[in-house]
Every structure is written in C-alpha cells, then in structure tokens.
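A short write-up of the structure that comes next.
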Amino acid sequence: DNESPQLGEELSAAEADAVSFTVMPDGAGLPAGAGTVATGEKIYLQQCVACHGVNGEGGPNDRLAGGHGSLQSNLPVKTIGSYWPFATTLFDYVRRAMPYTAPGSLDDDEVYAVTAYLLHLNGVIDGNAVMNAQSLPLVKMPNRDNFDWAWQP
Amino acid sequence: DNESPQLGEELSAAEADAVSFTVMPDGAGLPAGAGTVATGEKIYLQQCVACHGVNGEGGPNDRLAGGHGSLQSNLPVKTIGSYWPFATTLFDYVRRAMPYTAPGSLDDDEVYAVTAYLLHLNGVIDGNAVMNAQSLPLVKMPNRDNFDWAWQP
Amino acid sequence: GASAGLLCAHAVGQEREPWTRHPGAPMADSGAPAKHTAHIKRLGISSQAGTTGTGVSRTPLEHLDGIITPSRLHFERHHSGIPDIDPARHRLYITGLVKRPLSFSLESLLRYPAVSRIQFLECSGNSGGMLAPEPRDASCGELHGLVSASEWGGVPLSVLLEEAGVSKNASWVVADGADAAMMSRSVPLRKIMDDAIVALYQNGEPLRPGNGYPMRLFLPGWEGNMCVKWLRNVQVTAAPAMTKDETSRYSDLADNGRATLFSYPMGVKSLITSPSPGLAMGPAGIYQVKGLAWSGSGRIRRVEVSADGGKSWADAALDDSVLPMNLTRFRSAWHWNGEPAVILSRATDEHGEVQPTREQVLAGRASNSFYHYNGIQAWAIDRQGWVRNVYA
Amino acid sequence: GASAGLLCAHAVGQEREPWTRHPGAPMADSGAPAKHTAHIKRLGISSQAGTTGTGVSRTPLEHLDGIITPSRLHFERHHSGIPDIDPARHRLYITGLVKRPLSFSLESLLRYPAVSRIQFLECSGNSGGMLAPEPRDASCGELHGLVSASEWGGVPLSVLLEEAGVSKNASWVVADGADAAMMSRSVPLRKIMDDAIVALYQNGEPLRPGNGYPMRLFLPGWEGNMCVKWLRNVQVTAAPAMTKDETSRYSDLADNGRATLFSYPMGVKSLITSPSPGLAMGPAGIYQVKGLAWSGSGRIRRVEVSADGGKSWADAALDDSVLPMNLTRFRSAWHWNGEPAVILSRATDEHGEVQPTREQVLAGRASNSFYHYNGIQAWAIDRQGWVRNVYA
Ligand code: HEC
Ligand code: HEC
Ligand SMILES: [Ca+2]
Ligand SMILES: [Ca+2]
Ligand SMILES: [Ca+2]
Ligand SMILES: [Ca+2]
Ligand SMILES: [Ca+2]
Ligand SMILES: [Ca+2]
Ligand SMILES: [Co+2]
Ligand SMILES: [Co+2]
C-alpha cells in the first residue's frame, strides 16, 4: 500500500507471545505449569471466595457453579458448568482478569489450580485431576454441543 | 402550517415597541427626548473618556473621532466621522451597549446628548445642534455615499 | 402580558433583560454546559456489587436532539473501570498468524491513512430491561440509553494487518484491551478487512478515557462489546478464541436450551425520545414526536409512527443526514387531543428489515436472554400528560 | 525490542501493562477528556483592553480530526461576554412588520417543528492575521481557528414568522441578542425564510452559554456574526438597520475608499491542519496530509494538494460525509523526502468556485480590511521538519 508509512516495529516470536494472552480452545497459548484441585481450593478460599461465595455459589459477584439442567427452565442459571462451552476460556479469563482487585497477580500454576478447582466444583473433572497445557483442552464441558454460530466465516 | 403548535403569546404594540431597540436610518425607533453637544460633553467626560480617550482619540478602546480622508490611504482609520454611513447607528449602538460596564444606564436624553457630542467631535454637526428624533435622521454623514451593497433584496 | 415579568403593559421606555445590564462571563479555554442543563447527565449508573467500574452508564436520550451524542454523555460499559494509560508507553500489537508481528506507538499511528465517519455504537445488552414481565417505570435513557453516536476517526485496521502480512489460514482476530479485565473478543477477519478502524478520535477530538483513550476498535453496526476499548493486541487466528465475553456473556440463549454465538450486527430499531417518561406534556395541542432510528446493517429507509397504539401508522420525516450505521433523527407533528394515547415508532432499514414487536423479539428466547432487544417501544400518555413505559 | 520498556527480549511469561493490574476509574455522570490531552484547548484568547469578554477564542484545528468540533472547543466571538440567562425568563420576540407581534418561551419552542443539520460556523474575521505584511509565526488554529462545525438543531424561523404574519412590505429582519451589547444584525428576509433556524441544540445537547444558550440564530454558510447568540428579538423591517456591527464592523473597505456592506456567504476555503506549525515532523517518510475544506454556498466538490509550492497538484481524498455548508475533511498521503517543501491545499465547491490565492484575495482591498479572507494557505517545512506559515 503506497499510503502506509510502514512504521510497525517488528516483534520477536517471544515478544509477540508475551503480549498475547489468548488461550484457544485447542490449547494454543496455554503456558507451561500445572495445578491441582486441592491447591486451587486453597487459592479460591484465599482470593476468590469473598466475591464468588463458598462453593462458587455466588454473592456478592457472579455465581461460578451449579445451575446444571436449568437452561430450558423458566429461569436459566448460566455458570461455568451449566453453560460455558470450553474449559480453556476459564484459564484465559482468570489469567486476564482475576482476582478482580489484583489481576495478573497469580502465576501460571495458580491459574491452572484455580481453574481445576472451579471445573471440579462444577462436576466437570475429577478431584484428582491435574490441569496443564495438555489436559485442559481435553476437558469436555457439559454444555459444549448446545451452541450454534450466527456468523460463519 | 399544520405542524405548528401556535404557542406565541401576542404582544401589545407598546410591549413590542418596548422590547425592540432598533433605530432605523429613517429615524423609526427613535424615542422622545433630546440632547445637546454641551450636555453630551459632560457625560462623555464622566462615562466614556476613560475608555475612548480625550476628544475620542481612542485608548485603551476604540477611537471614536478623526481619520477623515484616510480611507484611501495605506492605513485607513475608520471612525464614526470617517466611515459610518448613518448617524442613527450611533444612537442605536450607544443605547444598546454603552457605557461598556453599565449598558442601559443612560436615559434617552443622555444618549441623544452623547450622540450629539460625538457627531460634533467628528465635525459632522454644529456645536449648537440639538439631537432628537427629528434632527438625528437628517444628519448626513461624510462617508455616506461610499457604500455598495453586496446583497440586494 | 407576554413575558415573565420583564414587561409592563404600559411601558413607554425600552425594556431590557437584567443579564443585558453588565458585561458577561469571559472567553474560556474550554466551554462548559449551562448550569441550567446540569440535570442532563448520564443515567442509571450501576456497577457490580463492591465495584465502581464494572457496569454501565447510559446516555440521557430524552434530553438530546439530533444524531450526535456529546462525548461526555456517550454511554459507558466497562468491565474493570477506566485504565489510566500513559499514551507514550501504550502499544498496539499485531500478533498471531502474521508474517511479521508488529508494535505500533500512538505517535506512529497518527501518520497512517485515516478515515472518519459518523456512526452509532450500541451495547448488545441495551434495552435489556424490556424483558421484565411488567413494564419498568423508567425513562427512555434509563431503558434504552446504551446507544450513542459519534464521529469516529482513525486508521483502517486492514492497513496495519497488511503491513504485518496476514497468513493464508487466518480467518479471525482476537482483540483485547489494556483495562484490568484485558477484555477480549474474537472478530471475523472479513469484518476487520471490510470496515474496522482503530479509532483515535471521537467527535473531532482524541478519544476520552471512558471511550477507549488512546485507541479503540470500532466495528460499524456491530455490537458494542466487540469494539474493544484501550485496544492493545490484535491477534490473528484461524478460529474464534471463545472468550468469556463471547460465550458466558453476549451469547443468545433460546428457550430450548440451545444458544447462539456470534450474533453481531445490531438489529433495526427505533425509539420515540420525546414525548417519553419524565417529560410531562402540557395541555392538549400540537406536539412534535421525535426519536431515533438505526440499523447495524445500513441506512434507515423509513420510520412510521402511531398514536393509537399501532392501529394506524404514518411516515415520520427524517432529518437530512441519513447515514449508514448511524442514528437517524425522525420527527412527526401530532395533535394530542388530551385523551389517553399510546405512541409507537417502527423503523425499516434499506434492506427492508422491519423493526419487530416485543412479542416477536421474545418469542423463543430464554426468559433472561436480554441481548439484541430491538422491539417496538410503546409510551402511554394519560389525561394528565404523564408518559410511561407500556407493553403495547 | 519494540515497546517502551514493557517487554524484555527474553520474556518467558506474559507481559501486561501496569494499568492493567488494578481496576480503573469508575463510570461518571459526564466523561472528561484525558489528562494527556489537556493541551487541546481554545487558542489565542484575546479581549479588548480592559475587558474579558469582548474578543475571541479559537478552535485548536491542528489537534482535531473529522468534521465536527467538540462544543467545548467551538470558537467564541463575544461583544460583551457571555450573559447569565435564566432560561425560564428568556423570551424570543417577533416584532416589527407583522400582523401579531409574538413572544415565545423556550419551553414553547421545544414543541415546534425542528430540524438538525451538521454545518460550519465561521467568523468573517477569521484568518485576518494573513493580512500582516510578513507571515505570522502562529499555529493553524491561531491563524484560522475562528471556524468550527456542529450539528445545529432547532426551529425554522420561518415557522415563527408565519405565525406572526409577515407584512407584504417586509424584506429584512433585525435580530438582536440578550448579551450586554445587545448585538444586532440585519438579515435579509429571504435567507430567513430559506434556511434560518433558531438553534436550541448543538452537537446533540442544549447550546452551551458560550454559543448562545438558550437560543441563537443560525444561518447556514453565512458569516458568523449574523448568527446572533442569545437571540431575543427578531424585528421584521422594510430595510436594513445599518447597525454598528454591519457598518462600522463586518463591512469590506476597498483601497479606493469605497466599502461594501452585506457580504454574507463565506467563500470557498481550505486549510492543511496537519502537518502545520507546532506539529513537528519526524524523519523522512510517508505522512498523511490532512485538512478541512468548506464553502458557504454549498458542498465541496474537490480539494487539491501540492507539496511543491503550487507547481503541481493532486486530488485529495474526501471523507464520506461531504455535507452542504459543512467542513469536509480531506486527506492525502505524501512521501516527504526530508528536503524543504511547501505544502498547499486548494478547494473547489459544487458551483465551481475555486479558492483564490492570497494575492487574489488582497488585490483591491484596503490594507487593514480583514474580513472574508479565504486565500490558499502555504506551510513551509524545513530539513529539521519544522513547519511554518509562509506566503507562497
Ligand atoms: C473483589 C471481587 C472479586 C474477587 C476477589 C474475584 N472476583 Fe471473579 N469476578 C468479579 C466480578 C465483579 C466479575 C464480573 C466481571 C465482569 O462482569 O466483566 C467476576 C467474574 C468472574 C468470572 C466470570 C463469571 C461469568 O460467569 O462470566 C470468573 C470465572 C471469576 N470471576 C473467577 C474468579 C476467581 C478464580 C477469583 C480468584 C482467583 C476471583 N474471580 C476473584 C469479582 C471478583
Ligand atoms: C469600560 C470601557 C468603556 C467605556 C466606559 C465606554 N466604552 Fe465604548 N466601547 C468599549 C469597547 C470595549 C468597545 C468595543 C465593543 C465591541 O468590540 O463590540 C466600545 C465601542 C464603542 C463604540 C463603537 C466604536 C466603533 O468604531 O465601532 C462607540 C460609538 C462607543 N463605544 C461609545 C461609547 C460611549 C458614548 C461611551 C460612554 C457613554 C462609552 N463608549 C463608554 C469600551 C468602553
Ligand atoms: Ca502468550
Ligand atoms: Ca422601541
Ligand atoms: Ca416596565
Ligand atoms: Ca419463549
Ligand atoms: Ca519481562
Ligand atoms: Ca490593494
Ligand atoms: Co450478539
Ligand atoms: Co461580510
């Protein structure tokens, strides 16, 4: 394009990766590290429970568990377990945005752990499961198959 | 017009006249009353000289007299006497806007008087002239015939 | 007597208003609104429990006219407040499936080709209150004020992507923001190459922090949440990322339990902004019914209004500037006879799409699925001239 | 390394900007500009000796983009400051040669038919500094910032005059304002009936006091001084009143001593707003030349730019919204080779009127006759990238 000044500064692959936070459903973007449900529970009780309640029941902020089977009811309850199509979304979002008052304060192991705990709370994974870059994308969410796309590429 | 709510409240002729300040070149809109050059000088020295200078020579604000014959020069000086086409404009403007810090504070006689003084300062009227609704529109300004209209109705 | 005490019937002299009797206020660096219009401010500010910046503020549509929203009154939707960005340190990254990942400073973007267009931005959660089983007692802006319009100016994102060199297998981008939520959305590459801009200017001046300073994504006609504010990274991908905001939120649940992702263009919609709740009518007589119409898919072709609850309709006049993907101002004179009445507006866009009724919008939806509500709005006027939200 | 210290070359983890680490500022009643853009304010504020409100403030054109001026930055020209008007007591009078003189409250005007259009307002004294024998060392806004554009909404004045019933012998009106100068101008009745409005809204919200709150006259394309602010009386007449502001001021003196009254439409004009003085260039390379073009007689048809002092010209691109009697934004990519250059723009309107050179504008004028200056503006760029005002 003869109108573009071409002023972009090239990033190395490592730099590009470091500024790119996206975790894809196939696991692309997931970092090294791992976390267990048990560790996740400890972190949750320290860093999350005040806003999301015991067992993720919600209050004062969003409910994070339960609502299974409610989607066709008169009052659907959308939670990670009842609604979210992909488990990778949880890692991606918590790493970006939580805990609310100090986003970015958890290291990758801790994000894996709290992800594991929330998936377990929702009955999606076993209490002994370990979440890492390999296992997380393999988790099949209960509501996975109930989504249609309004936009097709 | 069937879209207009017709909410205008009718004014009596006296009310309409009271809110209409315009003085036309033919004298329409001029009030009763009168003023002399001598009275005008007194008012000028009390209320105007601080801003427009002795003999209307200007400073700190607009020059009000002089500049006669300068319009074709390299530095035209536009004053009441050298430039303004109508004397009625002076009454109209002073009544609206002057003295700057207290517009509306002069009564009609005083406006006639200061008008007379400024016209006299500019050599347009005699020192004994009295300005009123009859005499003011008859004053012929020196530069009167040097105007063209860019817009024709 | 026709004025408010300024005149007496037997006046002989000139009457001048008190504020004409002494010089007024000086020129100013930046002009402020009149103190008498201080009630015109954003409405319905609300934030998640315990937070101040995770929520919305709404445009007071009922107090505005024309097709532009002053930037100070543009609605807000933030996920973790307004970041305090240093424009000298902020970077826009282009990463992912590109030949050369790139980093741009604000200063460098100001040297790029730019465009500027007047277009609306609507939160896809706008008008969500209309799901309530009983009509809420709220004003036009409180109900529908998550829509605003601005002149948006900036750099076509396609130019930056071309510089980076998009790979053949790319068909999406994932855009994220430099707020504390690092809010992220997937956007089809086709839209990006079509008309997406990195907006740097809003209504002539640099973006304000509440609307994305120093830069935001702007996608004409598409749901506001995708127009990522404080834009920091555009990561080119082969598939959508399924971010929290495009799955957990901003997806549309049907009453059969299935949900739809990626519903992007905002539907054809209109609203009567006056008369509307809170703007009391005076006595019977002629009133100007005015409002706004818009469509995420193009220009508004027609707006009809009804003053008998939808039994009969008449075409409203449209203000001159009918721009694609922008608010269009409509107006219609109405002789109110002082009896109770229900007034409605209905928009049609250039593709012939007609604004649906509330019933049509809600049919098949889950009870709490509130995105993309574009139903016809009805206001009821009673004998006293009070106006209220009703379901026609 | 591509970013400003946020990244290190051997990063293994994720890098997030400091302002993403804690929640940002809350939603607000009214959104303010970024603190980093505090330098974008009105320019060249000046007032007659001893006064604070008899003068001008200018729009900082060089810092803006698009075709709308934020109301806070709209230029000002006051004759005795900004009056503090009580909108409940303000009245608009229609008097003079009418069957029924009338008085209107603001409240009643809000019930009248209305229109809204995006149009420029230019002081006829704009660019007067270009008369100086030597080019002034000043910025684009300092030199030419007595022009702004807004969406103006309000009631066609013709509707109010029809209600009052205009007499057969009427052909002018005299409009005056409720400021301490009671500033007054004569306006041809034909213009009034054609497209004059009593503007109540600017850029969507009620007028701000500096621009005439609660109401002003707006005459599309005509010199700003006639668009009387704080409009209080429209007196219908058979002839012009020859007010101070249309004789002593806002008249055009020729070098032969004759003067012209009633020069109303603003001429076809354009300006490069960037690059311009104060916006330093960086190294050689591609820059976007951008600017504004307008004509008081209609739409802009064409803008040409030259980067060789006027030897060769190329058509610039125009932003989508080319509206009649509005600013039009033009843009043109330019590869600057780092050598001294003189850049110019030249506008043509839909009637084929071409913007004149400075020499053409000044030919036949008195040396201090500064109204209606619309000459081609030249900016010289030196090897260091500094830009300055020159007479090409
Ligand atoms: C101080 C309050 C607070 C704390 C502490 C907190 N959160 Fe949150 N959380 C929120 C708020 C507020 C939101 C909603 C954000 C929005 O609406 O964009 C949220 C949203 C979420 C969501 C998305 C819910 C949905 O259905 O979309 C998840 C998942 C979540 N938080 C997980 C966590 C985890 C894990 C922690 C601890 C590591 C945590 N939160 C700590 C306030 C908090
Ligand atoms: C405190 C300062 C001040 C005082 C006192 C004052 N003036 Fe003025 N006068 C001004 C200013 C400032 C202007 C310019 C107004 C404008 O630019 O619109 C002006 C303008 C004028 C003009 C128009 C000049 C022109 O060439 O357009 C006339 C005539 C005038 N004044 C007459 C008077 C008279 C008569 C008085 C006393 C009764 C008076 N002034 C008192 C400040 C003052
Ligand atoms: Ca990464
Ligand atoms: Ca009178
Ligand atoms: Ca009285
Ligand atoms: Ca249903
Ligand atoms: Ca690092
Ligand atoms: Ca000459
Ligand atoms: Co959607
Ligand atoms: Co003129």
(message) Please verify whether C:Gln235 is at the interface with chain A (Cβ under 8 Å from one of its Cβ atoms) and touching a residue at least 12 places away in the same chain (Cβ under 8 Å), treating the condition exactly as stated.
(response) yes
(request) Collect the residues in the range D:143-162 that are of a type outside the set (A, V, I, L, M), open to solvent by less than 10 Å² (accessible area, probe 1.4 Å) and assigned to a helix (DSSP H, G or I), keeping them in residue-number order. (result) D:His144
(message) So for the range C:346-360 (the condition being farther than 30 Å from A:Gln72 by Cα and either hydrophobic (A, V, I, L, M, F, W, C) or in contact with a Pro (Cβ under 6 Å, 6 or more places away or on another chain) (or both)), does at least one residue qualify?
(response) yes
(request) Select from the range D:3-19 the residues that are open to solvent by less than 40 Å² (accessible area, probe 1.4 Å) and at pLDDT 95 or above and list them in ascending order. (result) D:Arg16, D:Glu17, D:Trp19
(request) Name, by its number, the condition in (1) crowded, with 18+ Cβ neighbours inside 10 Å; (2) without any contact (Cβ under 8 Å) to a residue 60 or more places away in the chain that does not hold for B:Pro31. (result) (2)
(request) Kindly indicate the residue of the range C:362-389 that is more than 14 Å from chain A (Cβ to nearest Cβ) and surrounded by fewer than 16 Cβ atoms within 10 Å (Cβ to Cβ) and also nearest to ligand 5 (Cβ to nearest atom) among those meeting that condition. (result) C:Gln384
(message) If I filter the range C:135-150 for residues that are at positive phi and of a type outside the set (D, E, K, R), do I get at least one hit?
(response) no
(request) For residues that are crowded, with 22+ Cβ neighbours inside 10 Å and at the interface with chain D (Cβ under 7 Å from one of its Cβ atoms), scanning just the range C:75-89, find the one that is farthest from the chain's Cα centre (by Cα). (result) C:Ile85
(message) Given (1) over 25 Å from D:Ile85 (Cα atoms); (2) open to solvent by less than 10 Å² (accessible area, probe 1.4 Å), identify the lone condition not met by D:Ala196.
(response) (1)
(request) Would you check which residues across the range A:53-92 are free of Cβ contacts under 8 Å to residues at least 60 places away in the same chain, under 17 Å from A:Ile125 (Cβ atoms) and not hydrophobic (A, V, I, L, M, F, W, C) and list them? (result) A:Gly66, A:Thr79
(request) Would you be able to tell me the number of residues in the range D:269-317 that are within 14 Å of chain A (Cβ to nearest Cβ), farther than 17 Å from D:Val390 by Cβ, touching a Pro at 6+ places or on another chain (Cβ under 8 Å) and crowded, with 19+ Cβ neighbours inside 10 Å? (result) 2
(message) When you check C:Val342 against the structure, is it at pLDDT 95 or above and within 16 Å of ligand 9 (Cβ to nearest atom), yes or no?
(response) no
(request) Please go through the range A:116-147 and pick out each residue that is within 14 Å of chain C (Cβ to nearest Cβ) and either within 16 Å of ligand 3 (Cβ to nearest atom) or in contact with a Cys (Cβ under 6 Å, 6 or more places away or on another chain) (or both). (result) A:Leu136, A:Pro137
(request) Scan the range C:20-50 for residues that are open to solvent by less than 60 Å² (accessible area, probe 1.4 Å), assigned to a loop (DSSP other than H, G, I, E, B), closer than 30 Å to D:Thr20 by Cα and facing chain D (nearest Cβ under 7 Å) and jot them down. (result) C:Arg42
(request) State whether the residues of the range C:285-296 include one that is farther than 25 Å from D:Thr69 by Cα and part of a loop (DSSP other than H, G, I, E, B). (result) yes
(message) I need the helices (runs of 4 or more DSSP H) fully contained in the range A:1-114, keeping only those with at least 3 residues that are under 17 Å from the mean Cα position of the chain (by Cα) and more than 9 Å from chain C (Cβ to nearest Cβ).
(response) A:37-47
(message) I need a count of the residues in the range D:246-268 that are open to solvent by less than 10 Å² (accessible area, probe 1.4 Å) and not in a loop (DSSP other than H, G, I, E, B).
(response) 5
(request) Give the residues of the range D:147-176 that are under 29 Å from D:Glu122 (Cα atoms), of a type in the set (A, V, I, L, M) and in contact with a Ser or Thr (Cβ under 9 Å, 6 or more places away or on another chain), sorted by residue number. (result) D:Val147, D:Ala149, D:Val159, D:Leu160, D:Ala170, D:Val173, D:Val174, D:Ala175
(request) Just need a number here: residues in the range D:257-288 that are farther than 17 Å from D:Pro324 by Cα and within 20 Å of the chain's Cα centre (by Cα). (result) 9
(message) Go through the range D:296-326 and report how many residues are under 19 Å from the mean Cα position of the chain (by Cα), among the aliphatic types (A, V, I, L, M) and within 20 Å of C:Val155 (Cα to Cα).
(response) 2
(request) Name every residue in the range A:1-31 that is out of contact with any Pro (no Cβ under 6 Å at 6 or more places or on another chain) and within 16 Å of ligand 7 (Cβ to nearest atom), in order of residue number. (result) A:Ser12, A:Ala13, A:Ala14, A:Glu15, A:Asp17, A:Ala18, A:Val19, A:Ser20, A:Phe21, A:Pro31
(request) For the range B:121-137, enumerate the residues that are closer than 19 Å to B:Gly66 by Cβ and part of a helix (DSSP H, G or I). (result) B:Leu121
(message) Being of a type outside the set (S, T, N, Q), part of a loop (DSSP other than H, G, I, E, B) and open to solvent by 60 Å² or more (accessible area, probe 1.4 Å) narrows it down to one residue among D:Glu359, D:Glu339; which is it?
(response) D:Glu339
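The values are calculated or read from the model by the stated rules, or taken from the named source; none is laboratory data. Only a predicted model underlies this, so the values are computations on that prediction, with no experimental measurement involved. Because the Cβ atoms are built from the backbone with ideal geometry, glycine has one as well, and the counts that use them run over all protein chains shown. SASA here: full protein model, heavy atoms, side chains in, ligands and nucleic acids out. Shrake-Rupley method; radii C 1.70, N 1.55, O 1.52, S 1.80 Å.
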